[in-house]
1. Please label the shape of the range 10-56 as rounded, prolate or oblate, based on the square roots a ≥ b ≥ c of the eigenvalues of the alpha-carbon gyration tensor (a/c under 1.5 means rounded; beyond that, a/b larger than b/c means prolate, else oblate).
2. Taking a ≥ b ≥ c as the square roots of the Cα gyration tensor eigenvalues, with a/c under 1.5 meaning rounded and otherwise prolate when a/b beats b/c, else oblate, which class fits the range 123-202?
3. Per 10 Å bin, what is the whole-percent P(r) computed from every C-alpha pair distance within the chain?
4. Percent relative contact order of the range 4-224, based on C-alpha pairs within less than 8 angstrom and at least six residues apart?
5. Please say if the range 1-104 is rounded, prolate or oblate, where rounded means a/c under 1.5 for a ≥ b ≥ c the square roots of the C-alpha gyration tensor eigenvalues, and otherwise the choice is prolate for a/b larger than b/c and oblate otherwise?
6. Determine, for 167, 189, 28, the number of other Cβ atoms within 10 Å of each Cβ, and report the residues in order from fewest to most.
7. Normalising by the residue count of the range 116-182, find the relative contact order in percent from Cα pairs under 8 Å and 6+ residues apart.
8. Can you grab the distance from the C-alpha centre of the range 3-35 to the C-alpha centre of the range 156-173, Å, no decimals?
């Protein structure tokens, strides 16, 4: 969800207002995905690298997270959306961590859609943590398989993404779900995240629908499988 800061700068506004505008886009996209039948949606909300931002901006983002969780709890219940989070969550300040745990627990029984927030998240860190879990469980090197390795990911039951959407025209994956996006389709738009609305989401889905997914195989192999 890239472009909040640039969106604010283009309007001579504080960066915090760009993040607030981005939070409104989160609400729009979550509701649109629920209505369009998306089962799993993962949002890259705060990366490990984001901790290096100015302290006042980090504090504003953490306060915005708490505000978002409190305001959206009723919508999650109404739309029967389960909230989860992945990342090194122990780094989050207590108010953010506590509110996040509360909403995740209270929505755990919902089954219409799963919304996952990647917070204090890094794809390389997740891979390292998964490897550490294998070592801690005493798994022998010869017993390590992709399936066994995936058991150590932050959310091993989460299916690999079909589609990765990157806003603001950035042509990189920015350390997001590195293991899981091995065969994901990628859609890049120049639109900054605060301007990403339902129409933009539908355009991404339309682009995805026209593609032929191959999962590393040739087209002939896919057709014959």
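1. Working: a/c = 4.42, a/b = 1.64, b/c = 2.69.
Oblate shape, in that a/c is at least 1.5 and b/c is the bigger or equal ratio.
2. On the way: a/c = 3.31, a/b = 2.82, b/c = 1.17.
The shape class here is prolate.
3. Taking every Cα pair in the chain, the percentages come to 7, 30, 37, 20, 6, 1.
4. Working: 276 pairs, mean separation 48.8, N = 221.
Rounded, it is 22 percent for the range 4-224.
5. Details: a/c = 1.89, a/b = 1.26, b/c = 1.50.
Oblate is the answer for the range 1-104, as a/c is 1.5 or above yet b/c matches or exceeds a/b.
6. On the way: 167 23, 189 19, 28 14.
Placing the least packed residue first, the sequence is 28, 189, 167.
7. Numbers: 35 pairs, mean separation 31.5, N = 67.
Reported as a whole number, the value is 47 percent.
8. So the two Cα centres are separated by 18 Å.
Bear in mind that the values in this text are calculations on the coordinates, not laboratory data. Values in this document were obtained by computation on a predicted structure and should not be read as measured data. Neighbour counts are summed over all protein chains in view; Cβ atoms, including those assigned to glycine, are modelled from backbone coordinates with ideal geometry.
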